[in-house]
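A.B. asks: The structure under discussion is supplied below as structure tokens; questions concerning it will follow.
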Amino acid sequence: MVPLPPAPKSYHRSMETTPNMLRLTTGSPDYSRPYLIVIDGVNTHELYDVLSAFSWADGVDGRIIMTTAIQLPEATCCRCGNGSPLAIDSTSQVFIGELTESGFVEACLHLRDDTVARMQRSNNEILSSPIVQDLLLYFCMFPRDHPVRRNPLIRRWLAEGLVFPQPETESFSQDVAAKNLESLISRNVIQPIQVRNYGNVKRCQTFGMMLNSISSKSKSQNFITMLCGSQTTERNPAGKEIRRLSLHLNGAANGPLNLPKELSRLHTLAVFPDDANVARHRANLNYAKYKLLRVLDLKECADVKAEHVGKICDLLLLKYLSLGDSIDKVPRKIAKLKWLETLDMRRTQVVTLPIEVLQLPGLKHLLGKFQLVDGDYTQKKLEKLVSKDSELQRLSGFVTDKSEGFAQLMSRMGKLRKVKIWCDSTADVTKLVHVLGATKKFIGGGLDMTRVDRSLSIDFQGCPTECSEQFMDSLKATGRLTSLKLRGKLTQLPQFRTKLNYIEELCLSRTSLSGDTILSGLSGLKMTLKYLKLVEDKLGHLVIKPEHFRSLKGLCLVGEQSLEDITIQDEAVPYLVSLHMLCEAQGDLPGIDITRMARLKEVALHSGVEDTIKDGWQAAAMNHPNRPSVLFIHHANSSARGSPPCEEAGEIVNRTKPIGRKFTATIMGGIFSRARPRS
């Protein structure tokens, strides 16, 4: 609320919140005094329509201001004082009624100046560090409203050389990058838009004035050159080289790209086409000329051909390479990329990989669903590979079909932190010796890597029952894991009662076990779980008691056909922060009372549930002391059968604080019914 000139002593206003309305009471009111109500963050069309439906000047000497990210007509944007708009940024416009009092103009200017001053103070504090400044400016690489994934962003920072290890604290470069990103998020400079598990940010963005501010700074420092539509932000400024180029291609522009002429010093190239421009960049990009390229992101491009990949393999300094789903085979020529650290091909269903990729000395992250070329895992080649140490940290992952080449190579991958294994339907239990041995060795290796998280994901869906039983036996190995994800039919839970007590994250998907069977099996395990996800067609009867999961911070229950008869008893899960209940056919679930979950900050439902159920959960969130956010996730329980176990496949289509259309109308109606002069 913006302060106005003091009202007479007899004038008193207070707002009291009740479950169903916000009450405005007045004591000996003087209706001749003006009022100004500022509503910040009106970010849905529904809420904007409700608020804008009220008459701002219906016998009342006052006005309403709404800040919003919704695109509004220019006529609704306030201009006051020297004629400059109150909204500093076109995506953070301010809706305001007609201003007739000079006091309102002064108040609006005060609001604008105060906002700018706070933002500048925050910017100056953050940008005082050159390293943090570069990390923040890097967000200009992505199109507006583009979700930025946390882990790929960190890997790109590292490939660019923007982050360095800190020997004095024994911190790895990746840990330093993650810490800096968390600092930007905690200061609200970067906004999280998807939080997974128990508080970890999965996707984030920059918004509004902050994005405009860093974009301006990026342009002035020649940090990033952007092509939006057909125009670049700069075209080879005098005395400066273009080092980072981001192409934001959209349907608004046609014809050839207007690229800068000199790109020989280019370090980073990223292409973000829309559906109408998937092939528009091909005629303009000449990979052979970008000899200094470190980062190449083409995962959004569905038209990259084999001949393009051949030219990309000549970029000897490349450290980060991401390709789209049009490439399903990697050429042997990739062996030339000695500096390559990340190969991301997760858009393709299955990628055939030559064994030369695993010989790359700097490779740390191999991301996708890979299988080796037939006949490529001869004993001679395997012995040559095993004789060298591997830098690979993340193998996500490989298919165990009729060969065991990957499994045999895992024995030399002593720095692995994350492994995903798909057990193919053609797998033979008699040929799983190396896979099972490699799994046990990976689990046991965790005892020597106590400072890092270690994750194992196994998908045995579709493979013979004997294979899944063999994998479950391998989990009895003594060792250490922090995350375990299993997908496929089970007859019982793994018996790792005293072996893997370090597990903090557990995901069980399509096991065909009932909810009660899963709980009874987990209750006896000595592990301090922080996140639990269960995905089943029908979970059936499920009762979470106070003695279950005392350390749990995140709980996700997914019913692909139904989700009912779920009960969370009072005083159960006392540290729960995030609760996801995802089923399109979800019922009322009377056995869950979130008002008793003292630390709850987030609730998620399937976006297809009935409106009455949405309203009920929003009302419950409104009554909660923390006012947790309510998320509606689209198709979260319809992940592809070939996707990694327990991988989040949903998209957040709406993230709101607990306020609905009826509730908003009640609030505004209450304000105006008391603010209008008496007849």
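A.B. asks: So for each of 539-547, 296-304 I average, over its residues, the number of other beta carbons within 10 Å; can you give me the resulting order with the highest mean first? All intermediate terms of the calculation are to be shown ahead of the outcome.
C.D. replies: Values: 539-547: 16.9, 296-304: 20.9.
With the highest mean Cβ count within 10 Å placed first, the list reads 296-304, 539-547.
A.B. asks: Straight-line reach only, C-alpha to C-alpha below 24 angstrom: list the lysines that LYS538 could link to, leaving out same-chain residues fewer than 8 apart.
C.D. replies: Partners found: LYS485, LYS489, LYS530, LYS553, LYS614.
A.B. asks: Using the per-residue mean of other Cβ atoms lying within 10 Å as a proxy for protection, in what order, highest first, do the peptides 419-429, 576-586 fall?
C.D. replies: Final packing ranking: 576-586, 419-429.
A.B. asks: Report the local net charge at SER551: Lys and Arg +1, Asp and Glu -1, summed over other residues whose C-beta lies under 10 Å from its C-beta. List each step's numbers first, then the result.
C.D. replies: Details: positive: LYS530, ARG550, LYS553; negative: GLU504.
Net local charge, SER551 excluded: +2.
A.B. asks: To continue, here is another question. Work through the residues other than TYR320 whose Cβ is under 12 Å from its Cβ and net out their charges, Lys, Arg +1 and Asp, Glu -1.
C.D. replies: +2
A.B. asks: Over the Cα atoms of segment 129-208, Rg to Rh with Kirkwood Rh, two decimal places?
C.D. replies: My calculation puts Rg/Rh at 0.95.
A.B. asks: Take LYS217, LYS431, LYS179 and sort them by solvent-accessible surface of the protein heavy atoms, 1.4 Å probe, largest at the top. Walk me through the numbers on the way to the answer.
C.D. replies: Details: LYS217 65, LYS431 105, LYS179 145 Å².
Sorted by accessible area, descending: LYS179, LYS431, LYS217.
A.B. asks: Still on this structure, I have one more. In this model, which of LYS418/LYS533; LYS261/LYS311; LYS338/LYS380; LYS299/LYS415 are farther than 25 Å apart at the alpha-carbon?
C.D. replies: Distance filter (> 25 Å) returns LYS299/LYS415.
A.B. asks: Same structure again: Please work out the FRET efficiency for the pair ASP145 and ALA302, using the Cβ-Cβ distance as r and a Förster radius of 22 Å; give the result to the nearest 0.05.
C.D. replies: It comes out at approximately 0.60.
A.B. asks: What spacing in nm lies between the two simple spin-label points modelled at LEU447 and LYS336, each 7 Å away from Cα in the Cβ direction?
C.D. replies: For the pair LEU447/LYS336, the computed spacing is 4.6 nm.
A.B. asks: How large is the translational diffusion coefficient of segment 413-482 in µm² per second when you combine the Kirkwood radius over alpha carbon pairs with Stokes-Einstein at 4 °C and 1.567 mPa s?
C.D. replies: 104
A.B. asks: Hey, another quick one. How are the C-alpha pair distances of segment 466-612 spread across 10 Å bins, as whole percents from the shortest bin up?
C.D. replies: Percent of pairs per bin, in order: 11, 42, 35, 11, 1.
A.B. asks: Turning to a different aspect of this structure: Assuming R0 = 25 Å, can you tell me the calculated FRET efficiency for the pair SER512 and LYS202, based on Cβ-Cβ distance, to the nearest 0.05?
C.D. replies: Efficiency at R0 = 25 Å is approximately 0.30.
A.B. asks: A further question on this structure: In whole Hz, what ³J(HN,Hα) sequence does segment 567-574 give by Karplus (6.51, -1.76, 1.60; θ = phi - 60°), x for Gly and Pro?
C.D. replies: Result, ordered by residue: 10, 10, 5, 4, 6, 7, 5, x Hz.
The values are calculated or read from the model by the stated rules, or taken from the named source; none is laboratory data. Being a predicted model, the structure only gives us computed values, none of them experimental. Don't worry about glycine lacking a Cβ; one is built from the backbone with ideal geometry, like all the others, and counts go over all protein chains shown. Ligands, DNA and RNA are excluded from the accessible area calculation, which covers all protein heavy atoms including side chains. Shrake-Rupley method; radii C 1.70, N 1.55, O 1.52, S 1.80 Å.
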